[in-house]
Structures are given as structure tokens and as C-alpha cells.
Amino acid sequence: MPDFTREQQHGGRVAGVDEVGRGPLAGPVVAAAVVFAAGVPADLAAIIDDSKKLKAVVREAIAARLPDVPGIEIGLGAASTAEIDDLNIHHAAHLAMQRAVARLPRLPDHVLVDGNKAPDFGCSTQTVVGGDGLSLSIAAASIVAKVVRDRIMARLDTRWPAYGWERNAGYGTAAHRLALTTTGITPHHRRTFGTVRRQIEHFYTEGRA
């Protein structure tokens, strides 16, 4: 379970940063930055974990409670599908992280980032491999980013229901891949991703035949 050790060791306002949505075939990549400036209530710390390990109902409950935590600061950032295709997913994810930190009330003293690479935030930064399972701030950021992105994909699903985005959040499930072959590409698909790119090439070839 994550704890508050790294935040306490550094001192000051420490932001945990994580992103969600590197792997899907569609939709934006979303990042969150969370600062527990006054610490984490014990009962909340006991249930915060890597968002991937939590059921959706638990993530939603935690995300709903976070804004009421004394001293908490939350910043959200995203990079669009077009930015993902222009920059590549790695750089787009870093852009989303930078936007999340920039939307905090002020620049933190230190940033903890999940993973082994981080963009420039304009302050001291530490990468933490597996950080969403080690740091409460990073884990909280992963939960916020996941909840927000899932809601975005659910809204997009109402306009593009063939792909099952409310259920698969844009990941390349069998149903999603089948819809690509039968329904085609939407403006929200990442055209530089192999599965989508091959489908575009297939339709293009058929159109020329």
C-alpha cells in the first residue's frame, strides 16, 4: 500500500503526478497532480491505492471525497488525440503532466512522478517507478486522472456507441477492434497507433481498388 514517506522526507508542498491513457486506441491522455499540504486523513490513506487495483465504485468514492480534504490541491491536465498524433504518446503524456502541475494554485516545492522519466515542471522532481503503489500523492493523482478520463470516454460513447468506450475506455478490446473494421475511424481515434493506422491503410487501399 502507498504511504506518505516520500512526501514527508522532502517536506514542503509535494505534488504527486500520474497520467492515465497511454495505451488506448482512442481518447485523450489525462494527468492529475495532487498536493496533500496538510497530510492525508488516516481513514482515507487506508483506502487510497494504485487506481488500477481499485474497483470503479471505490475510485469514484475516493475522487468525490478528495476535494474536501483540508489543504488539498488538485490540478488536472490533458493532451488531445490530435496532440498525441502530433507529438507521440510519450511527449503528449508529459505535456498533460505539465498542464496538471501548472493548474495547481502555485508551483509546488517538489514533484513526485510515477515512472522513470519526467518532464520539466520548473521545480525539483523525482521519478518513482511504481509510484502509484508507493506514494499516497501519486496514487491519489492516478485515481483522479482515471476517474476523469473514464468520464470523458463515457461521454464520447454516447456519440460513438459502436466502440464500447463506456466499458473499455478506448482500449483495444475485441469489440473495439471489430467496430474499427465495421464502422471505421472516428475523430477521437489515435491515427498514429498501429491498430488504427493499419485500419486507415486498409480502408484507403479498398477505396483505391
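The values are calculated or read from the model by the stated rules, or taken from the named source; none is laboratory data. All figures in this text were calculated on a predicted structure; none of them were measured in a lab. Here the Cβ positions follow ideal geometry from the backbone for every residue, glycine too, while neighbour counts run over all protein chains shown. Surface accessibility is based on the protein's heavy atoms, side chains included, excluding ligands, DNA and RNA. Shrake-Rupley method; radii C 1.70, N 1.55, O 1.52, S 1.80 Å.
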Members of segment 151-169 that are on the phi > 0 side of the Ramachandran plot and in contact (Cβ under 8 Å) with a residue 40 or more places away in the chain: Ala169
Some residue of segment 75-96 being open to solvent by 60 Å² or more (accessible area, probe 1.4 Å), in contact (Cβ under 8 Å) with a residue 40 or more places away in the chain and among the aliphatic types (A, V, I, L, M): yes
Elements of type helices (runs of 4 or more DSSP H) contained in segment 124-194, each with 1 or more residues being at pLDDT below 95: 174-183
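Collect the residues in segment 77-126 that are polar (S, T, N, Q), out of contact with any Phe, Trp or Tyr (no Cβ under 8 Å at 6 or more places or on another chain) and over 21 Å from Thr5 (Cβ atoms), keeping them in residue-number order. Reasoning before the result, please.
Within segment 77-126, the first condition is being polar (S, T, N, Q), and the residues that meet it are 80-81, 88, 98, 116, 124-126.
In the following step, the residues that additionally are out of contact with any Phe, Trp or Tyr (no Cβ under 8 Å at 6 or more places or on another chain) were identified as 80-81, 88, 116, 124-126.
Those that are polar (S, T, N, Q), out of contact with any Phe, Trp or Tyr (no Cβ under 8 Å at 6 or more places or on another chain) and over 21 Å from Thr5 (Cβ atoms): Ser80, Thr81, Asn88.
Taking Gly170 as the residue in question, decide whether it is in contact with a strand residue (DSSP E or B) (Cβ under 7 Å, 6 or more places away or on another chain), among the small types (Gly, Ala, Ser), closer than 20 Å to Ser80 by Cα and open to solvent by less than 60 Å² (accessible area, probe 1.4 Å).
It is true that Gly170 is in contact with a strand residue (DSSP E or B) (Cβ under 7 Å, 6 or more places away or on another chain), among the small types (Gly, Ala, Ser), closer than 20 Å to Ser80 by Cα and open to solvent by less than 60 Å² (accessible area, probe 1.4 Å).
Considering segment 41-52 alone, what residues qualify as being within 23 Å of Val111 (Cβ to Cβ) and open to solvent by 30 Å² or more (accessible area, probe 1.4 Å)?
Let us first name the residues in segment 41-52 that are within 23 Å of Val111 (Cβ to Cβ), namely 41, 44-45, 48-52.
Selection gives Pro41, Lys52.
Are any of the residues in segment 190-206 of a type outside the set (A, V, I, L, M, F, W, C), in contact (Cβ under 8 Å) with a residue 60 or more places away in the chain and open to solvent by less than 60 Å² (accessible area, probe 1.4 Å)?
We begin by selecting, within segment 190-206, every residue of a type outside the set (A, V, I, L, M, F, W, C); these are 190-192, 194-195, 197-199, 201-202, 204-206.
Now drop any that are not in contact (Cβ under 8 Å) with a residue 60 or more places away in the chain, which leaves 190-192, 195.
Filter once more, keeping what is open to solvent by less than 60 Å² (accessible area, probe 1.4 Å): 190, 195.
Scanning segment 190-206 turns up at least one residue that is of a type outside the set (A, V, I, L, M, F, W, C), in contact (Cβ under 8 Å) with a residue 60 or more places away in the chain and open to solvent by less than 60 Å² (accessible area, probe 1.4 Å).
Of these, Ile89, Ile72, which one is in the same structural domain as Leu25 (by the TED database), of a type outside the set (Lys, Arg) and over 15 Å from the mean Cα position of the chain (by Cα)?
On the way: Ile89 fails: over 15 Å from the mean Cα position of the chain (by Cα).
Within the list Ile89, Ile72, the selection yields Ile72.
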